[in-house]
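Undergrad: Can you read through this structure? Questions will come right after.
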Amino acid sequence: MSITVRFFASVRERVGKEREAIDCAGISNVADVWRQSTRVAMPDNLLAAINMEYARPDQPVRDGDEVAFFPPVTGGAP
């Protein structure tokens, strides 16, 4: 039973990995996934998604989910 974790853009560079699978035992939400994967608290401005849908840090995760982390989106035309 596992959760797939993916890291994108500067987050991938900061944590030094693109993806991993973690055991879902003891994992209840997105922040727990981040903490299990990186061993640090989840930054306030970090964006996350569960199965390609935006998610809050306190949003529940389940066995088989894919959780992705990426930096805040910036730019665009005024």
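We did not get these values from a lab; they are worked out from the coordinates using the rules stated. Predicted, not measured: the structure shown is a model, and the values here were computed from it. Note that each Cβ is placed from the backbone with ideal geometry, even for glycine, and that neighbours are counted across all protein chains shown.
Undergrad: So what's the back-of-envelope 222 nm ellipticity for the chain, counting only DSSP H runs of four-plus at -39500 (n - 2.57) apiece and dividing by all residues, rounded to 500?
TA: -5500 deg cm²/dmol
Undergrad: Still on this structure, I have one more. Between (1) 13.4, 41; (2) 11.8, 40; (3) 12.2, 45, which entry matches Rg and Dmax of the Cα atoms in Å as derived from the coordinates of this structure?
TA: Among (1) 13.4, 41; (2) 11.8, 40; (3) 12.2, 45, the one calculated here is (3).
Undergrad: Within the stretch 21-78, which trypsin sites (Lys or Arg not before Pro) sit in a loop by DSSP and count at most 12 neighbouring Cβ atoms inside 10 Å?
TA: Passing both the DSSP loop test and the Cβ count: 39, 62.
Undergrad: In the stretch 2-70, what % of DSSP beta bridges are antiparallel (nearest 5)?
TA: Just about 75 percent of them are antiparallel.
Undergrad: Can I ask one more? Counting only C-alpha contacts under 8 Å and six or more residues apart, can you give the relative contact order of the chain as a whole percent?
TA: 40 percent
Undergrad: Note the full-extension length gain between residue 21 and residue 46 as 0.36 nm times their separation in residues minus their Cα-Cα distance, in nm to one decimal.
TA: In short, 7.0 nm is gained.
Undergrad: Please give me, ordered by residue number, the GluC sites (Glu not before Pro) of the stretch 1-38 that lie in loop per DSSP and have at most 16 other Cβ atoms within 10 Å.
TA: Of the GluC sites (Glu not before Pro), the ones in loops of the stretch 1-38 whose Cβ has at most 16 other Cβ atoms within 10 Å are 18.
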